[in-house]
Structure formats: C-alpha cells, structure tokens
1. Only one of (1) closer than 20 Å to A:Glu72 by Cα; (2) more than 10 Å from chain B (Cβ to nearest Cβ) is not met by A:Ala151, so which one is it?
2. Within the range A:30-53, can you find the residues that are within 18 Å of B:Gly23 (Cβ to Cβ) and within 14 Å of DNA strand C (Cβ to nearest atom)?
3. Going through B:Ala129, B:Ala92, B:Ala143, B:Ala139 one at a time, which residue ends up being of a type in the set (Gly, Ala, Ser) and open to solvent by 40 Å² or more (accessible area, probe 1.4 Å)?
4. Confirm whether A:Ala82 is open to solvent by less than 40 Å² (accessible area, probe 1.4 Å), touching a residue at least 60 places away in the same chain (Cβ under 8 Å), among the aliphatic types (A, V, I, L, M) and within 29 Å of A:Gly177 (Cβ to Cβ).
5. Would a scan of the range A:161-180 turn up a residue that is in contact with a Ser or Thr (Cβ under 6 Å, 6 or more places away or on another chain) and modelled with pLDDT under 95?
6. Applying the selection to the range B:138-159, what residues are touching a residue at least 24 places away in the same chain (Cβ under 8 Å) and within 20 Å of the chain's Cα centre (by Cα)?
7. Any residue in the range A:115-132 that's more than 16 Å from A:Leu102 (Cα to Cα) and at the interface with chain B (Cβ under 10 Å from one of its Cβ atoms): show its pairings with residues that are part of a helix (DSSP H, G or I) and of a type in the set (D, E, K, R) at Cβ separation under 9 Å, as long as the two are six or more apart or on different chains.
8. Which of the residues spanning the range A:104-114 are more than 7 Å from every other protein chain (Cβ to nearest Cβ) and out of contact with any Gly (no Cβ under 9 Å at 6 or more places or on another chain)?
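The values are calculated or read from the model by the stated rules, or taken from the named source; none is laboratory data. If you're wondering where the values come from, they're calculated on a predicted model, not measured in any experiment. FYI the Cβ positions are ideal-geometry reconstructions off the backbone, even for glycines, and counts take in every protein chain you see. For the accessible areas, the whole protein counts, side chains as well, though only heavy atoms, and no ligand, DNA or RNA atoms are used. Shrake-Rupley method; radii C 1.70, N 1.55, O 1.52, S 1.80 Å.
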Number of protein chains: 2
Amino acid sequence: MTRTVFEKSDVIPMVAEVFRELGYEGASLSKITTRTGLSKGSLYYFFPGGKEEMAAEILAHVEAWFSANVFEPLERDEPITAIQKMWREVDAYFRSGQRICLVGAFALDETRDRFAAMISQYFKRWIEALCAALVRAGAAIEAATAISEEAIGGIQGGLILARALNDEAIFQRTIAGLAERLAKYTQGGSS
Amino acid sequence: MTRTVFEKSDVIPMVAEVFRELGYEGASLSKITTRTGLSKGSLYYFFPGGKEEMAAEILAHVEAWFSANVFEPLERDEPITAIQKMWREVDAYFRSGQRICLVGAFALDETRDRFAAMISQYFKRWIEALCAALVRAGAAIEAATAISEEAIGGIQGGLILARALNDEAIFQRTIAGLAERLAKYTQGGSS
DNA sequence: CATTATAAACCGATCGGTCTATAATGAAAC
DNA sequence: GTTTCATTATAGACCGATCGGTTTATAATG
C-alpha cells in the first residue's frame with residue numbers, strides 16, 4: 001500500500017476544510033480520515049490533543065491568515081487601498097460565498113464556549129481594524145464604528161444567504177453593496 | 001416515579017431550543033432527553049422518524065410562526081406598520097441576539113442538504129415579502145430587492161456577531177441601523 | 001539508522017434507534 | 001359518580017454502529 005507523507009502545514013488546511021463543511025460536531029474522526037485521506041495515526045501524530053486541538057490550531061491558522069492579509073493592511077497601510085484589498089481577499093477567501101466562515105459557524109452553537117476567546121478576538125480585531133482604517137480615511141469615529149460592525153456582520157449574513165439560497169451571486173451583491181456604502185465614508189462621500 | 005404528560009405542541013418548542021443551542025449534529029438524543037426532561041420513549045412516540053423528523057417538524061413550526069407573525073403581515077397589511085412590526089417581532093423572537101436562527105445555522109454545514117427546500121423557502125419568502133412591502137410603500141423595485149436582501153442578511157450577521165462577541169447590544173444596534181436604512185426607502189426618504 | 005510519519009487494529013463510551021412494560025387519561029357503561 | 005377500558009404517552013433497558021481516542025507495528029526520510 002502506498003503511503004503519502006505530509007507535514008503539519010499541509011494537514012491544517014485539509015482538516016480545516018472538513019470542519020468548514022461539517023461543523024465541529026459533524027466532523028467525526030472517521031469523516032475527517034475519509035475526506036482528507038489521512039489516517040487516524042497521522043491525525044493524532046500531528047494533533048495529540050485530538051479534535052479539540054485540531055480545531056484550535058485551525059482557528060489560530062485562520063486568525064494568522066486574516067492578520068497577514070486583512071487586519072494588518074487595514075491597521076498599517078493606506079486606508080482606501082487596504083479596504084479595497086479587504087474586499088478582494090474576502091471574496092477570494094470565501095470563494096464568493098461557496099465557502100463559509102468557520103469562526104462564524106463555531107459562534108452559533110455551544111462550540112463557541114470551547115473557543116470563546118479566539119472567536120471574539122477574531123471579530124473584535126476585524127471590526128476595530130476596519131474602523132481604524134475608516135477613521136484614517138477621514139470618517140467620523142462614531143460613523144466608522146457603526147459601519148464597520150455592519151460590514152463584518154453583513155459579510156457573515158451574506159455567507160448564510162449564499163448557502164441557504166444556494167446562490168453565490170447574492171454573496172457578491174452583498175459585498176459589492178457593503179463596499180459601496182463604505183466608500184461613502186471615506187474622503188467625504190465619493191468612491 | 002412521577003410522570004409529566006405532554007402533547008406534541010408542547011414538545012416541539014422544547015426540542016427546538018436544544019437544536020438551537022447545539023446544532024443538528026450536536027443535539028444527540030441523550031442531550032435532548034436530559035435538556036428537555038423527555039424520555040426517548042416520548043420522543044420516538046411523537047417523532048417516529050427520529051432526529052430527522054424532529055428537525056423537519058421544528059423547521060415547519062418556525063416557518064409557520066414567521067408566516068403568521070412576519071411574512072403575512074408584510075404581504076398583506078399596510079407596509080410601514082408591517083415593517084415596524086417585523087422589527088419588533090424579530091427582536092423579541094431572537095431575544096435581542098441571545099437566541100440564534102435555526103434555519104440560518106442549518107444552512108452553514110451539510111445539514112443544509114437534508115433540509116435544503118425548507119431552508120431556501122424560508123429566506124426566499126422573507127426577502128420577497130419584505131421587498132413587496134417596500135414596493136407598496138413606494139420604493140423602486142430594484143432598490144427594494146437590494147435592501148431586502150441586505151436586511152435579512154444583516155439580521156443573520158447580527159446574530160453571529162452577538163454570539164461571537166457575547167454582546168446583545170450589537171444585535172440591537174444592527175437591527176436599529178437596518179430599520180433606519182429601510183425607512184429611507186419608504187415614502188420618499190423620511191422615517 | 002534514528003527520526004518522522006502512516007496504517008489500522010483495538011478500546012470503552014456514546015451514538016441513533018427499537019422495544020416492552022406500564023402509567024395517565026378521558027369517554028362509555030353502569 | 002364510580003368503574004371500566006381502550007387510547008395516549010412515559011420510562012428505560014437494550015441493540016448494533018459509530019464515536020473520540022490509544023496503541024503497536026512499520027514504512028518513508030535525511
């Protein structure tokens with residue numbers, strides 16, 4: 001029997017995809033092994049702490065990806081460019097609504113309680129980073145806070161609708177609409 | 001041993017609450033029995049088809065509730081009154097974000113595939129009912145379609161954020177913001 | 001040839017689901 | 001107004017399958 005050899009950096013995204021498709025409770029070890037092609041032996045070699053450690057490392061991996069590609073640009077770079085980049089990255093990452101947000105999904109059931117700190121941290125940082133970029137772009141602090149919450153919430157809602165209606169166009173309309181509304185708060189009203 | 005006797009109309013909301021808290025896969029029969037106080041015997045007496053029948057009947061019950069309290073008023077009654085009623089009912093139903101939307105939660109993982117028809121029907125009907133009310137209130141059809149999608153998506157996103165950040169105020173800000181934006185599309189711009 | 005990683009048998013616990021015994025209920029018979 | 005009794009509903013033992021997790025043996029790697 002042929003054995004394929006992986007390392008941890010390959011394994012995390014593969015397991016992550018199964019959690020995204022099935023949720024924490026739905027992702028049984030046997031589903032993870034069949035869908036990834038990895039045996040239990042490999043899984044417990046990389047994640048001695050089992051399912052909970054898998055999910056924790058996946059959440060950390062997601063957070064790191066968003067930090068590098070979304071949060072830090074928003075916090076650091078020229079704000080309008082960074083916001084445009086955010087919309088591009090979000091559309092690509094969520095595959096136009098065909099892929100869900102694992103952090104948002106975990107928030108909905110009691111899985112939240114296992115990972116409460118990471119989940120709240122992810123959304124808090126995203127909202128604050130976007131808010132800061134809007135303020136640097138000239139928006140008033142109160143308006144920037146409100147519209148940032150609406151934007152991040154709107155993305156999550158768009159993902160739910162895209163899957164519920166099985167229609168990726170609705171996710172793209174959602175983010176296009178949000179991008180347009182955000183643009184009104186930068187540089188005094190025009191995009 | 002004392003035995004409490006229920007009928008099906010009592011049982012559906014009790015089981016529904018467990019599905020809401022734990023999700024479809026997380027809601028094991030033993031969790032359902034301990035949290036509701038109902039024995040397996042009672043559960044399978046009311047739902048011979050098991051877990052899947054429980055969830056299907058709960059979804060039908062949710063749909064019926066929204067039909068009577070939200071969709072039909074939007075479709076039938078004076079639109080501005082009906083929209084105001086919608087916001088009141090939504091805030092009460094979701095307990096200001098402390099309670100999630102089961103239909104939206106089911107949409108996120110492969111549970112969707114079991115109940116695809118009911119899930120898409122729920123959101124389609126809600127969006128169309130709101131859109132129709134906005135049009136009757138004087139909104140242009142294209143604007144009404146877009147804002148209706150944003151509103152229903154925004155509610156779902158608000159529920160995710162409320163749980164993720166463990167902060168019910170964010171849900172109330174979300175629906176207040178959406179209500180205000182919707183009001184701009186009725187009667188030519190003022191609320 | 002030590003280290004790293006894979007495969008799969010194996011474990012007790014829990015899974016969804018079935019079954020049997022019996023308690024509560026309400027209408028008919030008296 | 002009791003008594004009777006079929007109906008309705010509850011309790012929990014029980015079933016095979018699957019759960020998350022452990023272990024042992026061994027293949028790939030540098």
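1. All conditions pass for A:Ala151, except number (2).
2. If we filter the range A:30-53 for residues that are within 18 Å of B:Gly23 (Cβ to Cβ), which is where we start, we get A:31-32, A:51-52.
Those that are within 18 Å of B:Gly23 (Cβ to Cβ) and within 14 Å of DNA strand C (Cβ to nearest atom): A:Lys31, A:Ile32, A:Lys51.
3. Just a single option satisfies the conditions, and that option is B:Ala92.
4. Values: open to solvent by less than 40 Å² (accessible area, probe 1.4 Å): yes; touching a residue at least 60 places away in the same chain (Cβ under 8 Å): no; among the aliphatic types (A, V, I, L, M): yes; within 29 Å of A:Gly177 (Cβ to Cβ): yes.
No; evaluated as a whole, the condition is false for this residue.
5. Scanning the range A:161-180, I find at least one residue that is in contact with a Ser or Thr (Cβ under 6 Å, 6 or more places away or on another chain) and modelled with pLDDT under 95, so the answer is yes.
6. Passing the criteria: B:Ile147, B:Glu150, B:Ala151, B:Ile152, B:Gly154, B:Ile155, B:Gln156, B:Gly158, B:Leu159.
7. That search, which allows pairs on different chains as well, returns A:Ile127/A:Glu149.
8. A:Asp113, A:Arg114
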